[in-house]
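First up is the structure itself, then whatever we jot down about it.
Laboratory data are not the source of any read-out in this text; all were calculated from the coordinates shown. All values derive from a computational prediction rather than experimental measurement. Neighbour counts run over all protein chains shown; Cβ positions are idealised from the backbone, glycine included.
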Amino acid sequence: MLKTRGIVLGISRSYTAKAKRGVLAQDKSKIKEYSPKTTDSHEHRVYVWGFQETGALGLQTNVKKAKERYTEMVHHPTRLQFSNNNEITDVAAGYGFTVYAVNRDDGETLFGSGLNTDSQLGFQVKGNPNDPANLDVIIYPTAIKLPRVQGETDEDMRVKSMSAGRAHLVVLTQNGTIFTLGNNSYGQCGRSIIEEERYSKSALIHRISQEDICGKEDEVVQVECGQDHSMFLTKKGRIYTCGWGADGQTGQGNYHTAGQITLIGGDVEKEKIVRLSCSSDCVLALNEAGDAFGWGNSEYGQLDDSELAETQINIPRALKLTKSIGKIKDVAAGGSFCMALNDQGLVYTWGFGILGFGPFVEQTSKPQHLLPPLFGRNDFSNETTVVSIGCGVFHMGAVNSDGDLFMWGKNRFGHLGLGHKKDQFFPFKAAINGKVTKVAYGVDHTIALCKPFF
């Protein structure tokens, strides 16, 4: 209705049938379609955060800038430029260094950045070829040249599995060859221990055929490093170990150091093991039926909560304390705590440390589950569930079915990626611009392998 000089005019608008059709049937060619611009076409992208002074994050390209004080830590997940230019297929985090498996046209399949004090990233030099300067710190991902025998192709040298310890690296390639680099003081590289061997500026990369480990009838499918020991899991579910055994973490029935790779027995002897996890001196294993086994350090009752429990277990044992949580899908072993994920998507933690139950719970000898809403389940997303778990020595993480990463634990070096250095007592979502597919947990840094949303 319209008022004009006190006169009320009734205006009605009429359309013809033809006009109505014209309004309703819009010209679709004029409707703009939004297609988000992607910066690269690679399947994966990598985000890094935590302590940067070691070079483990691989973000710096300038040595002078890398030494400046304000670059010490990266508190938020930051996209790695190297992943924009390379197809990264896997990541592994050691104590102050990171390794990347890549697919490239030039045949290089392995890159690393960070501490190289024990040549765990290979023999890296710069300057005059006749008088090169050895690099103990590598600030940007650099190729690690694995020695080839005649006839080996680029496809043969693609990385199938890899894992990093305190100062050593173990890599399994597609053709079943295992390469070990770095410190071998305790035999963790699967070769004889040489007294007073010098690891700095060493060009030695030890090469092992999987046949020498498990014979022709079997094959190695996963390698896993603890702090100073190494483990090899085969297709038939057998476990072979070597290295430091003072806490029984080699599972060989003794507390000795072993340079010889040996098949272990105990309660896993007749089991088909499908998963191994270790970040320090406590080891968890999972069989195909969803039962958990453990050995190594159990000072906080991680492996046995009975009254007269041993604090160091040198042979694999079936865990009784996880029997009540149902079929287990995934396990993770930290420095003083353990984690398990059951087939209902529930996350359980136990041991000593920041377990995710708040600031007043720092020890529990029985597995307790964290509530699903902590990992993104709510009324609008009631199908969301946790699909994988993992941990470093002091921090934990879980990835849900939406590709979100939730972190909690110690945060002294900002390695939870939450924007601060304060400890996080409950799981908290990290702000990552991608769907997380794998996370590598270092001692003071974290690496996430992601897929783009679009």
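Translational diffusion of the chain was estimated from the Stokes-Einstein equation, with Rh taken as the Kirkwood radius over Cα pairs; at 37 °C and 0.692 mPa s the coefficient is 138 µm²/s. For the range 82-198, the alpha carbon convex hull comes to 128 Å³ per residue, rounded to a whole number.
With Cα atoms as the point set, the range 196-265 shows a radius of gyration and Dmax of 13.1, 38 Å. Electrostatic bookkeeping for Thr385 treats Lys and Arg as +1 and Asp and Glu as -1; over the other residues with beta carbon under 14 Å from its beta carbon, the sum is -3. If all Cα-Cα distances of the range 266-321 are sorted into 10 Å bins from 0 onward, what percent lands in each bin, rounded to whole numbers? Histogram of Cα-Cα distances, whole percents per bin: 26, 56, 18, 0. Over all projection directions, the Cα-based convex hull of the range 168-207 averages an area of 2.8 nm².
Here the alpha carbons of the range 246-369 define both size measures, Rg and Dmax, at 13.8, 44 Å.
Ranked highest first by average number of other Cβ atoms within 10 Å, how do 153-159, 341-347, 49-55 line up?
Working: 153-159: 16.0, 341-347: 18.7, 49-55: 24.9.
Taking the mean over residues of other Cβ atoms within 10 Å, the ranking is 49-55, 341-347, 153-159.
Pairs of alpha-carbon atoms within less than 8 angstrom and 6+ residues apart define the contacts here; what relative contact order does the range 301-401 have, in percent? All intermediate terms of the calculation are to be shown ahead of the outcome.
Details: 176 pairs, mean separation 23.5, N = 101.
Relative contact order of the range 301-401: 23 percent.
Here the 3J(HN,Hα) profile of the range 156-167, calculated from phi with Karplus coefficients 6.51, -1.76 and 1.60 at θ = phi - 60°, is 4, 8, 5, 7, 9, 7, 7, 7, 10, x, 5, 8 Hz, Gly and Pro shown as x.
Can you quote the Å³ per residue value for the convex hull of the Cα atoms in the range 350-443, rounded to an integer?
Values: hull volume 9.6 nm³, N = 94.
Cα-based convex hull of the range 350-443, divided per residue, equals 102 Å³.
Its relative contact order, with pairs defined as Cα atoms under 8 Å and 6+ residues apart, puts the chain at 13 percent. In straight-distance terms, cross-link reach from Lys236 covers every one of the aspartates and glutamates whose alpha-carbon lies under 19 Å from its own, apart from those fewer than eight places away in the same chain; here that gives Glu211, Asp212, Glu217, Asp218, Glu219, Glu224, Asp267, Glu269, Glu271, Glu288, Asp291, Asp330. Our note on the geometry: Cα centres of the range 224-254 and the range 382-417, 26 Å apart. Once you treat every alpha carbon in the range 337-396 as an equal point and sum by Debye, what is log10 I(q)/I(0) at q = 0.20, 0.21, 0.25 Å⁻¹? Debye output, listed in q order: -0.76, -0.83, -1.07. Exceedance of the 30 Å cut-off in Cα-Cα distance is limited, within the set Lys323/Lys410; Lys410/Lys438; Lys320/Lys410; Lys327/Lys438; Lys272/Lys366; Lys160/Lys421, to Lys160/Lys421.
As an exercise, take the mean of 1/r over every pair of distinct alpha carbons in the range 402-444, invert it, and state the Kirkwood radius in angstroms.
10.9
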